Every structure is written in C-alpha cells, then in structure tokens.
Amino acid sequence: MVSNAGWNGIHFDMKTVIPPWIIGVYVLIIVALLIYGWRKHLLSSYRTVDYVYMGLLAALLVIWNFFISPLIPKFSAVTSWFYYPDIGEIIILLLAASLIGKPGTVMTTMFIYTLLSDIFHYGFGGEPFWFIYELIAYAAMLDLYLLLRGKYFGTNNQSVGKKKVSGEGGAVETEDKLVTIPGLFILDSVIGGVVVALAYPLFYHGFFATFVEGYSYTTQYVIANSLVSAVGGIIMGLIAAPFVAYIRKVITGVY
C-alpha cells in the first residue's frame, strides 16, 4: 500500500523500519566525524586529476546502472536477495576510494552521480532526499574509513604517525611512518563491498523507500535481505580486491 505523495512527490511516511530519529542521529555522527577529520587536518584538498577521476567514475556509474546492469537479467536468473547492480557499484566506488584516497571522495562521486542521474534519467522528484540517501547509504561509511586509511586505501600499508627525515639542504621534513600488513588491501575491499551492498536493502528498504515513496516493508524482510546482501558484499569485495589493486597500480604506479 502506498500513501499519497506530498511536496515534490515525497510521501513523508514515518512508518519506516528504521526510525527517523536513528537516521537523524546517524547523519549527525557523520557530520561530527568529518568535522573532526577537518580539524585534525585529515581532509585534503582535491587536485584537478582527483576531480577528473570522480567525474569519470560517476559517469561510469550512470552507464553501469542505466545501460549495462539492466541487461543482466536477460542473460541469467537473478535472485531478488542480492541487488545485482551492486556488482559494478562496488568496483567503481572502490576505485574512487583507492585512486584518490581522500575522505569525502566517495560522497563527492555519489553526489555527481546522483546529479547526472536526475538530469538524464530520474528527474528531480523526491529530492533532496535521494541525494541524502546516496551520500549516507553508499558513501559516508567508506569516507569515514578513509579518515583512517587515507591515500593508503587499497594497499598493504598503514600510516601510524609521522617521522622526521632529512630533506634537501639539511632541512628537516616529515613523512608518514608506515607499517606493512599483508592482505590489508583485501580488508579494504571487503569493508567497501559490505558498505555498498547494505545500502539498498538496509537504507532504501528500511527507510527511504517508505519515507519518500510510501512503500511498506516488514522488519523481517529488511533484516533478512540485509544479512544476505552483506554476505554478497563480502564475496564481491574478495573478488574485486585484486582487480582494484591492479587498476590502481596501472594508473598511479603504486601498489
């Protein structure tokens, strides 16, 4: 059953599986942690090439979601328990995090993607809530993880502080003190896979589909679908890890 739509096609149906106050608290936590990262100088300014990467990957997301993934059911049976467009989205968003490695990267990529999607496909009905959905469901947790991993996301290295080194002319400079953890890039990929895989079953079915569009889902359905999707995200993360690492190495020369 779907309730009548209100302003800009939004139903404002509060009978969601995830209570609205939890979404509100979650958004506040995201904002607070990003402010913390800014104050601790963990946020870096983007280079021109970073914007190029984000723009190209956002455009690739549009191509994947609207032209490629709809063909998948035509060639094989697709279970309703795994949101198959996540296959490409996981790889593309992992590439964004790995190639740029700056907190805010994935949210910016998803913002550009949502804008392009609204312009060329969906229209702007339901906004600004679809922007909020894409940012907090698909991107926010990955960007918060980048506060920890930063430019070393997708590698086996982790910064554990700074060390002083001698620069040109005897000047003292600082550089990252690194530890190498074998297989760490796989953990990065798995975490990214789970985050992206949970976005649709948990955030869309659990809140935004009801709040914005008026669709109703049961708590049992949201929980079961989320658990199965999380397993799918782990599998996709494991599969994507070597491909993302290889592409990063080819483009940046860093592994």
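Summary of computed values
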{"read-out": "Ile181 aliphatic (A, V, I, L, M), free of Cβ contacts under 8 Å to residues at least 12 places away in the same chain and surrounded by fewer than 20 Cβ atoms within 10 Å (Cβ to Cβ)", "value": "no"}
{"read-out": "Residue within the range 32-44 that is aliphatic (A, V, I, L, M), buried (at least 16 other Cβ atoms within 10 Å of the Cβ) and modelled with pLDDT of 90 or more present", "value": "no"}
{"read-out": "Residue within the range 148-171 that is basic (Lys, Arg) and surrounded by 17 or more Cβ atoms within 10 Å (Cβ to Cβ) present", "value": "yes"}
{"read-out": "Residue, nearest to Met54 (Cα to Cα), within the range 114-133, restricted to residues that are free of Cβ contacts under 8 Å to residues at least 40 places away in the same chain and touching a helix residue (DSSP H, G or I) at 6+ places or on another chain (Cβ under 6 Å)", "value": "Thr114"}
{"read-out": "Selected residue (only one of Val212, Val222, Val244, Val250 is within 19 Å of the chain's Cα centre (by Cα) and either surrounded by fewer than 15 Cβ atoms within 10 Å (Cβ to Cβ) or part of a helix (DSSP H, G or I) (or both))", "value": "Val244"}
{"read-out": "Scope the range 37-64; condition over 14 Å from Ile112 (Cα atoms), touching a residue at least 24 places away in the same chain (Cβ under 8 Å) and not aliphatic (A, V, I, L, M); matching residues", "value": "Gly37, Ser44, Tyr46, Trp64"}
{"read-out": "Hits in the range 194-212 - residues which are in contact with a helix residue (DSSP H, G or I) (Cβ under 6 Å, 6 or more places away or on another chain), aromatic (Phe, Trp, Tyr) and closer than 19 Å to Asp143 by Cα", "value": "Phe203"}
{"read-out": "Spans of helices (runs of 4 or more DSSP H) in the range 29-141 with at least 3 residues closer than 22 Å to Ala241 by Cα", "value": "48-63, 86-100, 105-117"}
{"read-out": "Residue count for the range 6-28, restricted to those that are touching a residue at least 24 places away in the same chain (Cβ under 8 Å), assigned to a loop (DSSP other than H, G, I, E, B) and of a type outside the set (Val, Ile, Thr)", "value": "5"}
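The values are calculated or read from the model by the stated rules, or taken from the named source; none is laboratory data. Source: prediction; values computed, not measured. As a convention, Cβ positions derive from the backbone with ideal geometry for all residues, glycine included, and neighbour counts pool all protein chains shown.
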